[in-house]
Every structure is written in C-alpha cells, then in structure tokens.
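Novice: Questions regarding the structure given below will be posed in turn.
Please treat every number below as a calculation from the coordinates, not as lab data. The structure displayed is predicted, hence computed values, not measured ones. Note that each Cβ is placed from the backbone with ideal geometry, even for glycine, and that neighbours are counted across all protein chains shown.
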C-alpha cells in the first residue's frame, strides 16, 4: 500500500466534510430558489458542483494510492434560513471547518513523511484560502449594502455574477 493507514483513515474522515458541503450548498440553493433569489441559487448550485469535484478528487486519490475510500453517512442539512447574509455566514463557517481539516491532514502527512499526500493537499490549501476570502468579501458587501428589498436585489445580482450565469429576464442586461 502506498498510503499510510493513518492517512487513509484521516482522508476518509475528511470525505464527510466534503460531502456535507455538497449537501449544504444544495440545501441553500434550494432555499434561495424557493424564495426568488435566482442569482443566489445559481451561485450555490455552482458551489455544490465544485464541492462534488473536490469530494471526487479526495475519493479517487485514496483509491489510487492503494487505500479504500468510503462513502460517508450524512445528516440532513439545514433547509431554512433567515437571510442571504445568514447563508453566507454559515457557508463561511463550513469552509472554516474544511480548512482546519485540510491543515490537520497536511500536518499528519508531514508527520508520516507522506510527501505524495502533502503535495496532493497543496491544491486544497490554496482552494480553501480562495473560498474563505470569497465568503468574507460577500459578508462584508452584504453588510455594506444592507438588508432592504432593493439591497437584496443587488446582493442577488452580485451572487449571480459570481456564479457566472444570468437568470431569466436578465439577457442583455
């Protein structure tokens, strides 16, 4: 086996966080869509799809290096929110947990002299910095814009821009 058992177990434990992020972002996207925030829904659907890619990178890596990846069991994610601001705050908290898990994986890889896994994790260290900065900026913008009805429109459009999509009725806008 190319991967130390401790690393395999730790990576499998991390899979739960990655899968949880997929489900959490899907739940937020559904809440956004059902409340008329199409741009925000598009953003969160895109976030969920990105987390799916991350999950599969970890899953495939475990198997490719001689381990055995396990599909994690998950709890039902939160399905209702008070505001878009709350969705961003919860998302940032979730990304913080993933970041801490990845940092622990890097430390364990170093301790076990597993240079291949440490190199594999470099992408995720960089990715988590990007994710945390994105949600921190979003939270700051939402607080700056405020929470009134017109403000929500601008927040939804900002999330739509980040998703790189246009919702119905915005063609040519």
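Novice: For 81, 44, what ranking results if the residue with the fewest other Cβ atoms within 10 Å of its Cβ goes first?
Specialist: Working: 81 17, 44 26.
Lowest to highest Cβ neighbour count: 81, 44.
Novice: Would you list 136, 117 from fewest to most Cβ contacts within 10 Å?
Specialist: Sorted ascending by nearby Cβ count, the order is 136, 117.
Novice: Also, I was wondering about something else. Could you give the nm distance between label points at residue 35 and residue 80, where each point is 7 Å from its Cα heading toward the beta carbon?
Specialist: 1.2 nm
Novice: Along its principal axes, what span do the Cα atoms of segment 5-163 show, with the longest given first and each in whole Å?
Specialist: 54, 27, 21
Novice: At 222 nm, what value in deg cm²/dmol follows for the chain if DSSP H runs of at least 4 each add -39500 (n - 2.57) and the sum is divided by all its residues, to the nearest 500? Intermediate results must be reported in sequence, preceding the final value.
Specialist: Numbers: 5 runs with 131 residues, N = 173.
Taking each H run of at least 4 residues, the total per residue is -27000 deg cm²/dmol.
Novice: Considering the Cα trace of segment 48-118, what is its radius of gyration and what is Dmax, both in angstroms?
Specialist: Final numbers for Rg and Dmax: 15.3, 46 Å.
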